[in-house]
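Below is one structure, written out as structure tokens, with a few remarks after it.
The values are calculated or read from the model by the stated rules, or taken from the named source; none is laboratory data. Not measured: the values here are computed from a predicted model. Note that we place each Cβ from the backbone using ideal geometry, even for glycine, and neighbour counts take in every protein chain shown.
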């Protein structure tokens, strides 16, 4: 559990009111704590404004009526009806489906492998880490050049944009690996599995019913980062000429500059991803607390 | 191999170092998948970069890169990546510290982590629209003339996804700072400045540089914002690659894109080598 309680957190009282100092008397001197809190307030305000203002501006643009300065929800209702080709709604549907498929494939591929390596093939963990972090350093733009011939083959079998999940799983690897590795490190996998094995559990049972329930938070984190990645991805989809939500928005902006629907659809995507992440981060906390 | 020798040297009982005979089979699905969709594409790029249009081996794809537009695209990419990764890394580290020094279960940390997870991935057209609405010609905040200027305007706008990415990758390093180090510094009479100058700073430096290099690589493939605002001028390499991949006009050289991508790989390999050297150093200290 050490990973979940960063030592530095004890350095300061939190803005939300739970004084960390109470848990650790004699941490920081009062003057230093005041200075640190001042720094945190200033930092959160400035960065908060930097991140929020463009979003608010985008939302305001999306609510602009026909006359400058007026208000209207036309752009938001347009999300459902904006004509294509292909219609905006269909590309939203494809992107959401892609998010689900990518998440599922990623979990099925990575979680058992990581647990397996932790329990049975430790010597392999460095190779796994190297491969998983590789997509952070091979830019997507390079990957897509090499993927083009492979996707030519795939298109002979299936031309659906859903096939993008093959590439998206790779792009999501670094983020999911980091999240899952943190979760797995917080679990004493070896002891748990030895206990289960000595009671007669098979390897499948050990993974699904012993280890996985102990790392729900990490799995949720991995899922969220994957979903956010799929919702925001542009480079790969665009260059492989598939029309996902981001590509469709790009095409619309080419044909109709400043169309209100651009702003409403973008804002909606961001809000959706953000709320999803926030909800699941709370859900994860409840799961963690509920554990004996 | 190093693992095996290390365990022998540590005189551990057989368990840790022993390789169960069939254990490697469990890694096959993962290896097959990453082999086909990660290693193979990279291999194809390198392979094709040296392929001639008629099939034989050639260096002409590479030498064809030595033109003014390509040189300026590489220069533009480097400028943009350096600007956005340096500014993004510094500001992101400050924000990460502010987040890390709070309650680990607190609302603020949750908000900023969730926000970072989302914004780090939204370097695409969404970013272009958001800043168009904020500081574009009809922007609500101000009407900046520099908003689409290259490389500074775009570089600053890239910080919008670089800072969140920095928070994501740098936060674990800050979380790893031990409170005992701070206490030790104070017991020895050190001030906050002394702590950061002689203890915290040097300890975080490798992780900081490593994260900054990741931001650098991350900015290399982001081009949606530029593409959305400007389709006349070729500022960065991804635009050239995009042109050679989906150009409607048949290109004379089908492997031009591969050669450009190989150029980026070379840039990245240099960056990556630095990253791994730094990682080794960080591991030695924080172990």
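Here are some notes:
- Against the test of being surrounded by 22 or more Cβ atoms within 10 Å (Cβ to Cβ) and either at pLDDT below 90 or not in a helix (DSSP H, G or I) (or both), the options A:224, A:220, A:229 yield a single qualifying residue, A:224.
- Residues located in the range B:126-149, provided they are facing chain A (nearest Cβ under 7 Å) and modelled with pLDDT of 85 or more: B:126, B:129, B:130, B:131, B:133, B:134
Here's the yes/no breakdown for (1) within 12 Å of chain A (Cβ to nearest Cβ); (2) part of a loop (DSSP other than H, G, I, E, B); (3) modelled with pLDDT of 85 or more:
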site: B:171; (1), (2), (3): yes, no, yes
site: B:197; (1), (2), (3): no, no, yes
site: B:202; (1), (2), (3): no, no, no
site: B:206; (1), (2), (3): no, no, no
site: B:212; (1), (2), (3): no, no, yes
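- Looking only at residues in the range B:105-122 that are in contact with a helix residue (DSSP H, G or I) (Cβ under 6 Å, 6 or more places away or on another chain) and within 7 Å of chain A (Cβ to nearest Cβ), the one that is surrounded by the fewest Cβ atoms within 10 Å (Cβ to Cβ) is B:110.
- Flag if residue B:87 is in contact with a helix residue (DSSP H, G or I) (Cβ under 9 Å, 6 or more places away or on another chain), at pLDDT 85 or above, within 30 Å of residue A:112 (Cβ to Cβ) and within 14 Å of another protein chain (Cβ to nearest Cβ): no
- Qualifying position, being surrounded by fewer than 19 Cβ atoms within 10 Å (Cβ to Cβ) and more than 10 Å from chain B (Cβ to nearest Cβ), among A:260, A:204: A:204
- For residue B:123: the one exception among (1) under 24 Å from residue B:157 (Cβ atoms); (2) in a helix (DSSP H, G or I); (3) at pLDDT below 85: (2)
- Candidates are the residues of the range B:177-195 that are outside any helix (DSSP H, G or I) and at the interface with chain A (Cβ under 8 Å from one of its Cβ atoms); the one that is surrounded by the fewest Cβ atoms within 10 Å (Cβ to Cβ) is B:178.
Conditions tested, residue by residue: (1) modelled with pLDDT under 90; (2) outside any helix (DSSP H, G or I); (3) at the interface with another protein chain (Cβ under 8 Å from one of its Cβ atoms); (4) under 21 Å from residue B:272 (Cβ atoms).
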position: A:107; (1), (2), (3), (4): no, no, no, no
position: A:114; (1), (2), (3), (4): no, no, no, no
position: A:134; (1), (2), (3), (4): yes, no, yes, yes
position: A:159; (1), (2), (3), (4): yes, yes, no, no
position: A:163; (1), (2), (3), (4): no, no, no, no
position: A:166; (1), (2), (3), (4): no, no, yes, no
position: A:173; (1), (2), (3), (4): no, no, yes, yes
position: A:179; (1), (2), (3), (4): yes, no, no, no
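- All of A:241, A:269, A:235 fail the test of being free of Cβ contacts under 8 Å to residues at least 12 places away in the same chain and either at the interface with another protein chain (Cβ under 9 Å from one of its Cβ atoms) or over 21 Å from the mean Cα position of the chain (by Cα) (or both), apart from A:241.
- Residue within the range A:196-216 that is within 17 Å of the chain's Cα centre (by Cα) and either touching a residue at least 40 places away in the same chain (Cβ under 8 Å) or more than 30 Å from residue A:116 (Cβ to Cβ) (or both) present: yes
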